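As C-alpha cells, the structure follows; a few thoughts come after it.
Only the coordinates and a few stated rules stand behind these numbers; no lab work does. The structure presented is a predicted model; accordingly, all values stated were derived computationally and were not measured. Quick reminder, even Gly has a Cβ in these numbers, built from the backbone with ideal geometry, and neighbours come from all protein chains shown.
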Amino acid sequence: MADLLWQPSPERVGRANLSRFIKTIASELDPSVQDYPSLYEFSIRQPEKFWTAIWDFCGIRASGDRDPVLVDANKMPGASWFPNVRVNFAENLLRYRDDRLAIVFRGESGISREWTYAQLYDEVSRLAQALSQEGVRPGDRVAGFMPNIPEAVIAMLATASLGAVWSSCSPDFGTQGVLDRFGQIEPKVLFTAASYAYGKKSLDCLERIRDVAAKLPSVQRVVVAPYLEEPATLAAFPNAVTWRAFTEPFQAQPIDFVRQSWSAPLYILYSSGTTGVPKCIVHGVGGTLIQHLKELVLHADLKREDKLFYYTTCGWMMWNWLVSGLAVGATIVLFDGSPFHPKPEVLWDLVDEVGVTVFGTSAKYISALEKAGVKPRESHKLLALKTVLSTGSPLAPESFDFVYRDIKPRLLLGSISGGTDIVSCFALAAPILPVYRGELQCRGLGMKVEIYDEDGRAIRETPGELVCTAPFPSMPIGFWNDPDGAKYRAAYFERFDNIWCHGDWAELTDREGIVIYGRSDATLNPGGVRIGTAEIYRQVERVEDVLESLCIGQDWQSDVRVVLFVRLREGVVLDDALADRIKKTIRDNTTPRHVPAKIIQVADIPRTISGKIVELAVRNVVHGRPVRNTDALANPDALKLYADLPQLKD
Ligand SMILES: CC(=O)CC(=O)O
C-alpha cells in the first residue's frame, strides 16, 4: 500500500479556511507565507503577529488593549498572553442567536432533541440567572456529573457566562472517583441527570451523586437535568432540585456576560489519576478559546454549515473541544450511549441521518469497528462526510487503510494528538496537506513542537521525546491547590529546563509529519533499545483473532523483556500456532527486539473511563507494586488478572 493515501482536491484547497488565512497573512503581514510550511514557520517566528491574526480571523469578542500580546515569552512556565484583555468564553460561543441548529442530540435509548442557537441562548440565559440567584460568582466552581446531553453544554455555558469555572466528569465514575475529583475543587453547584444509557441499560446517577453531595460540604445545590426519566420526587435528596424547578422563575433575557482577564480560570480537567489522586489541570478562558478556534477553523476546517460530531463523554477533553464548535456557529452533534449498541453501525446511522460532516472518534473505536467487520462504505451513504478525526492513542497505519478502504476514500483523515494537559493538540490535521499512512499531518500552528534526544538536542527522523520549546496560549494556567506551582512544574518542566515535555515518544518525519509511538514512560527497553508500545500494537492488531492487546516491559535478569497480553475473539484459545503467528507478524514487520518474550492470553484489558489502556498500572501489578488509584478505571477488576502470573516467573 502506497504511503500517500489522500490528496486534497484543488476545490477543497480553494474552499479551505486555511487557504483564506494564508492569503490574509501573505497580503497583510508576510508575503513569503504561501503554503502550510511557510505559515507554520511564520507562526513560530512571529507568535505575537500570528495569534493576533487568529484573533481577527476568528472574530474573537473581547475588550481591552491587545498589546502586549505575550509577556515573558522566554519563561516556561511563566509566560502570559494578552494581559490587558477582558473576555468571556460563553459570549464567544453564543455569538449567534438565530434559528440554525446549535445542538443535535441522539441517545441510544431513542431520545432525540434539537436546539437552535436562539433556543440555546435563551436557556443559557435562564439557567445563568438561576445560578446567579444561587450565589454563583466569578471563580466559583460548578461541576457536572452528566451524560453527554445538551444540558451539560447549557450548564457549562451558563457557568462560564458568569465567569465561574466548569468541571465535568462522566457518569460512569464511582462515588470515590467523583470525590477524588470534585472533592479537590469544592463546587458550589452540582449538575446531574437521573440516569444515563449504555448498551441497553439505563444506569442510575442519583444514588452516587447523593453520596457525593453528602460528602462535599461545598455543594449547596444539586440540579437534576431531564433525561431518560424525571425523578418522581427528590424529597429524600437534600438540596436537590429539578432543572425545570430551578429555571422556572426566570425569563430569557440578554445575558450579562462577565468579562474577565484572559487567563481567568474556565475549565478544570483531570489527569487520568491512575498513579495517585488525579491532578486538577486548570485551563484559562482566553487560551482555551483562541486555541480551539485555531484548531477548529484552520485545522478541522469547520464552517457554519458543518455538523461536528465527536464520540466522547463529558469527562474527556474532546467534549470541551467539541463544544467550542459553537463559536464557529456550526452544529455540534452529541450522542449518549454505546457506539456499538444496538448494532455496530449505530454511529454511521447517525452520520447519515444528521448529515455529519466532521466525525471524530478514538483510534480504539476505529480498530474495534474493523475487527467487528463493519464497512460503512458498503452499508451507508456518508454523503456529507468530509473529515474523520481520531485521537486517544496512536492510530495504526492499518487503521488508516481501513478508513480509506472501508469508510470513505475521499475524506480527510486527521489523526490528532495532544491531551487533557493542553485541552487541545500538538499535532493534527490540515485540509490542504496530503495524508500519509500512519502520520499526523502536521504540527499545530503556533506550536513549537520538536523531538528531543536524551540530551535535549532536536532530532528528526528518529524517535525521541515530544517537547514544546516555546509558550502557547492553551498551556494550563496552573494546577488547582498548587499555590507555588510545584506540581505543575513537576508534571511537564522537570525533564528539560524551560521546556514542556509532553511524555509522548514520537518522531518528526522528513515530510514534517509526526508519528507517535506511545507514551514515553511506557516505552519498552529490551537490551537498551527504546521501543514505543504502539509499534507492537500495530502489528498485533493485524492478527485476526486478537481483539486488543497490552504490552509492558518486565524487569528480567538485569534486563527488560517484552511481555504481550492479548484479548482474543470469543472461543479462541492462545495455542502455539497463534502465538507463533503473532510473533512472526511482529518479527516480519519490525525487528527481532520487538518480538515478545512472552505472550499471555487475558480475559480483559484494564482501561480508564476515557478508554485508554493502562500500561503502567499493569506493569506495577506484574512487578508486585501497588496501584495507587483504581477509581479512574472502567474495569478495575481486570487488573487482578495480571497478578502473580505463573507464566511470568520463568
Ligand atoms: C487530543 C488528544 O490527545 C486526546 C487524548 O488523547 O486524550
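Name the trypsin sites (Lys or Arg not before Pro) in the stretch 245-333 that are in a loop by DSSP and that have at most 11 other C-beta atoms within 10 Å, would you?
Arg304
I need the semi-axes of the equivalent ellipsoid of the stretch 493-574: take the C-alpha gyration tensor, multiply each eigenvalue by 5, square-root it, list largest first in whole angstrom.
Here the semi-axes work out to 28, 18, 11 Å.
What residues qualify as long-range amide H neighbours of Ala240, i.e. H under 5 Å apart, gap of 5 or more or another chain, H built at 1.01 Å from N?
Val222
Beta carbons within 10 angstrom, averaged per residue: use that to sort the peptides 89-101, 244-256, highest first.
Per-residue mean Cβ counts within 10 Å order the peptides as 89-101, 244-256.
Using only Cα positions of the stretch 337-484, each an equal point scatterer, no hydration layer, compute I(q)/I(0) via Debye at q = 0.12, 0.13, 0.20 Å⁻¹ and quote the log10 values to two decimals.
-0.60, -0.68, -1.23
Can you work out D for the stretch 181-262 in µm² s⁻¹ from Stokes-Einstein, where Rh is the Kirkwood radius over C-alpha pairs, the temperature is 20 °C and the viscosity is 1.002 mPa s?
D, rounded to a whole number, is 148 µm²/s.
How large is Rg/Rh for the stretch 433-545, to two decimals, with Cα atoms and a Kirkwood Rh?
With Rh from the inverse mean 1/r over Cα pairs, Rg/Rh is 1.02.
Can you give the net charge of the other residues whose Cβ lies under 13 Å from the Cβ of Lys487, counting K and R as +1 and D and E as -1?
Within the 13 Å Cβ shell, the charges total -2.
Around Arg12, with a cut-off of 10 angstrom between Cβ atoms, what is the net charge of the other residues, counting Lys and Arg +1 and Asp and Glu -1?
So the surrounding residues net to +1.
Can you grab the distance from the C-alpha centre of the stretch 19-81 to the C-alpha centre of the stretch 339-376, Å, no decimals?
Cα centres, the stretch 19-81 to the stretch 339-376: 37 Å.
With a 10 Å radius around each residue's Cβ, average the other Cβ atoms per peptide and rank 497-509, 195-207, highest first.
The densest-packed peptide leads the list: 497-509, 195-207.
Taking a quarter of the surface of the convex hull around the Cα atoms of the chain, what do you get in nm²?
Dividing the Cα hull surface by four gives the mean projection, 27.7 nm².
Express the relative contact order of the stretch 523-648 as a whole percentage, based on alpha carbon pairs under 8 Å and six or more residues apart in sequence.
22 percent
For all pairs of alpha-carbon atoms in the stretch 523-648, what percent lies in each bin of width 10 Å, listed from the first bin to the last filled one?
13, 46, 36, 6
Rounded to whole Å and sorted largest first, list the principal axis extents of the Cα atoms in the stretch 41-117.
Taking the Cα atoms of the stretch 41-117, the three principal extents are 53, 26, 23 Å.
Going by average Cβ neighbours within 10 Å, how do the peptides 638-645, 8-15 rank, with the highest at the top?
Going by the mean number of other Cβ atoms within 10 Å, highest first, we get 638-645, 8-15.
Distance between the C-alpha centers of the stretch 501-566 and the stretch 119-148? Whole Å please.
44 Å
Got the relative contact order for the chain handy, in percent, Cα pairs under 8 Å and 6 or more residues apart?
13 percent
Give the whole-number value, in cubic angstrom per residue, of the convex hull volume spanned by the C-alpha atoms of the stretch 238-311.
About 235 Å³ per residue, rounded to a whole number.
If you build the convex hull over the alpha carbons only and average its shadow over all orientations, what do you get for the stretch 436-476? Give it in nm² to one decimal.
Its Cα hull, projected and averaged over all orientations, spans 3.8 nm².
Within the set Lys448/Lys612; Lys200/Lys612; Lys188/Lys364, which residue pairs have Cα atoms separated by over 32 Å?
Check vs 32 Å cut-off fails for Lys188/Lys364.
Net charge near Ile60: determine it from the other residues with C-beta under 13 Å of the C-beta of Ile60, scoring Lys and Arg +1 and Asp and Glu -1.
Computed value for this residue: +4.
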